[in-house]
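Everything on this sheet refers to the single structure shown next.
The values are calculated or read from the model by the stated rules, or taken from the named source; none is laboratory data. In this text, all values refer to a predicted model and were calculated from it rather than measured experimentally. Virtual Cβ from ideal backbone geometry, glycine too; neighbours counted across all protein chains shown. The area values use the complete protein model at the heavy-atom level, side chains included, leaving out ligands, DNA and RNA. Shrake-Rupley method; radii C 1.70, N 1.55, O 1.52, S 1.80 Å.
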Amino acid sequence: MKFFPLPLLTVLLLAPLSALRGGEPPIKLWPQGAPGALGTAAKDIPTLTPYLPAKATGVAILLIPGGSYGGIYAGQAEPFALWLNEQGITAFVLRYRLGSAGYRYPSQLQDAVQAMRQVRENAAQWKLDPHRIGVMGFSAGGHLVTTLLNRPEDGEVPGADPKGRASSRPDLAIICYPVISMITKPEPVSSKNLLGDGPSDELLRLTSSELQVRPGLPPIFLWHTSEDKLVPVEHTLLYAAALRQHGIPHELHLYQHGDHGTGLIGTGHPWFGDLLFWLRAHRFVEDRGT
């Protein structure tokens, strides 16, 4: 496994997403304008940035950074896209619309649904297997992944006919220290950015992902740290319990030490090895030892 040296890691983590280099030119998710767009500035134009590995294996992962639905955290974008490239995986970084720009649920989910469809519909162009396209999310981006899994219908554009379009269902999901519940120990900044002030009880339940799990979800890899002070570990435990209740194949890793965001590229955290083992089992990563 290859890790970034710390000086490069520091540059990547501190750089704004727009300043990062290494990917292909960003692709507009909605060439004719996003549904319900509030303007035409960069914050109103969600994008998808491809990162192509030197040796592609036909596998792709849609990468959804966190940022409390108020920003896009660069440290969960390009560094992980390049790490996925090292594994032979084509990565696509999603820059979705944010609550800090006035966008509320389900605008973010509309962007995630559109991104999954765009990757799958253009699989031949990217030399991808349309049946091996996963998704990976961190923190609030992990919440967006769970809404993509649980309630993709909320991300359909009103009046649009999805018939004949590619499926937006990921073939597997990787969820890292996610925001899950808007009811149990909610993370207030993410909740406010996503739902606004004074959301109804119905909306709180609709966006509490532990209450929205249904049969038929793809395999899921979950991890969290017990010492996380920003998003309590109970969020991941609640989601894992719901997955178990509904018979969804999943793997759960709880690590004792580390605050929110522990395990970024370059730290040597064991979750990388655990994830690679799981990805090999699901044939998303080649076993290079054979």
Requested in this report: Could you tell me whether any residue of segment 4-17 is open to solvent by less than 100 Å² (accessible area, probe 1.4 Å), at pLDDT below 95 and within 20 Å of G102 (Cα to Cα)?
Outcome: yes
Report task. Check segment 134-149 and report whether any residue there is more than 26 Å from T184 (Cα to Cα) and surrounded by fewer than 24 Cβ atoms within 10 Å (Cβ to Cβ). Result -> no
Report task. From the list L82, L128, pick out the single residue that is touching a Gly at 6+ places or on another chain (Cβ under 8 Å), part of a helix (DSSP H, G or I), more than 19 Å from K43 (Cα to Cα) and open to solvent by 10 Å² or more (accessible area, probe 1.4 Å). Result -> L82
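Identify, please: which residue in segment 113-125 is assigned to a helix (DSSP H, G or I) and either modelled with pLDDT under 95 or open to solvent by 40 Å² or more (accessible area, probe 1.4 Å) (or both) and is, among those, nearest to P65 (Cα to Cα)? Spell out the reasoning first.
At the first step, the residues of segment 113-125 found to be assigned to a helix (DSSP H, G or I) are 113-121, 123-125.
Going one step further and asking which of them are either modelled with pLDDT under 95 or open to solvent by 40 Å² or more (accessible area, probe 1.4 Å) (or both), we end up with 121, 124-125.
Values: E121: 22, A124: 26, Q125: 25 Å.
Among residues in segment 113-125 that are assigned to a helix (DSSP H, G or I) and either modelled with pLDDT under 95 or open to solvent by 40 Å² or more (accessible area, probe 1.4 Å) (or both), the one nearest to P65 (Cα to Cα) is E121.
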Query - Qualifying residue in segment 94-102 (condition: within 21 Å of L264 (Cβ to Cβ), assigned to a loop (DSSP other than H, G, I, E, B), modelled with pLDDT of 95 or more and open to solvent by 20 Å² or more (accessible area, probe 1.4 Å)) - result: no
Query - Hits in segment 62-104 - residues which are in contact with a helix residue (DSSP H, G or I) (Cβ under 6 Å, 6 or more places away or on another chain), more than 18 Å from I133 (Cβ to Cβ) and among the aliphatic types (A, V, I, L, M) - result: I72, A74, A77, A101
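Any residue that is without any contact (Cβ under 8 Å) to a residue 12 or more places away in the chain and either within 26 Å of Q87 (Cβ to Cβ) or among the aromatic types (F, W, Y) (or both) - is there at least one of those in segment 220-229? Give the steps one after another, and end with the answer.
Going residue by residue through segment 220-229, those that are without any contact (Cβ under 8 Å) to a residue 12 or more places away in the chain are none.
Checking segment 220-229: not a single residue is without any contact (Cβ under 8 Å) to a residue 12 or more places away in the chain and either within 26 Å of Q87 (Cβ to Cβ) or among the aromatic types (F, W, Y) (or both).
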Report summary line: (1) surrounded by fewer than 18 Cβ atoms within 10 Å (Cβ to Cβ); (2) in contact (Cβ under 8 Å) with a residue 60 or more places away in the chain; (3) in contact with a helix residue (DSSP H, G or I) (Cβ under 8 Å, 6 or more places away or on another chain) all hold for Q110 apart from (1)
Query raised in the report: Among the listed residues P170, P178, which satisfies the condition of being touching a strand residue (DSSP E or B) at 6+ places or on another chain (Cβ under 8 Å), at pLDDT 95 or above and either among the hydroxyl-bearing types (S, T, Y) or within 26 Å of G33 (Cβ to Cβ) (or both)?
Result: P170
Requested in this report: Can you work out which of the residues in segment 25-58 that are at pLDDT 95 or above, open to solvent by 50 Å² or more (accessible area, probe 1.4 Å) and in contact with a strand residue (DSSP E or B) (Cβ under 7 Å, 6 or more places away or on another chain) is farthest from G99 (Cα to Cα)?
Outcome: L52
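Let's see how each residue does on (1) at pLDDT 95 or above; (2) open to solvent by 10 Å² or more (accessible area, probe 1.4 Å); (3) within 30 Å of S191 (Cβ to Cβ):
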position	(1), (2), (3)
A60	yes, no, no
S68	yes, yes, yes
Q87	yes, yes, no
A91	yes, no, yes
Query raised in the report: For E156, all conditions in the list (1) out of contact with any strand residue (DSSP E or B) (no Cβ under 8 Å at 6 or more places or on another chain); (2) under 18 Å from S190 (Cα atoms); (3) of a type in the set (D, E, K, R) hold save one; what is the number of the exception?
Result: (2)
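Could you list all residues from segment 154-184 that are small (G, A, S) and either closer than 20 Å to Y105 by Cα or assigned to a loop (DSSP other than H, G, I, E, B) (or both)? Step through it out loud before you land on a result.
Taking segment 154-184 as the starting set, the residues that turn out to be small (G, A, S) are 155, 159-160, 164, 166-168, 173, 181.
Within segment 154-184, G155, G159, A160, G164, A166, S167, S168, S181 meet the criteria.
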Query raised in the report: Looking at segment 187-197, is at least one residue within 16 Å of the chain's Cα centre (by Cα) and closer than 30 Å to G58 by Cα?
Result: no
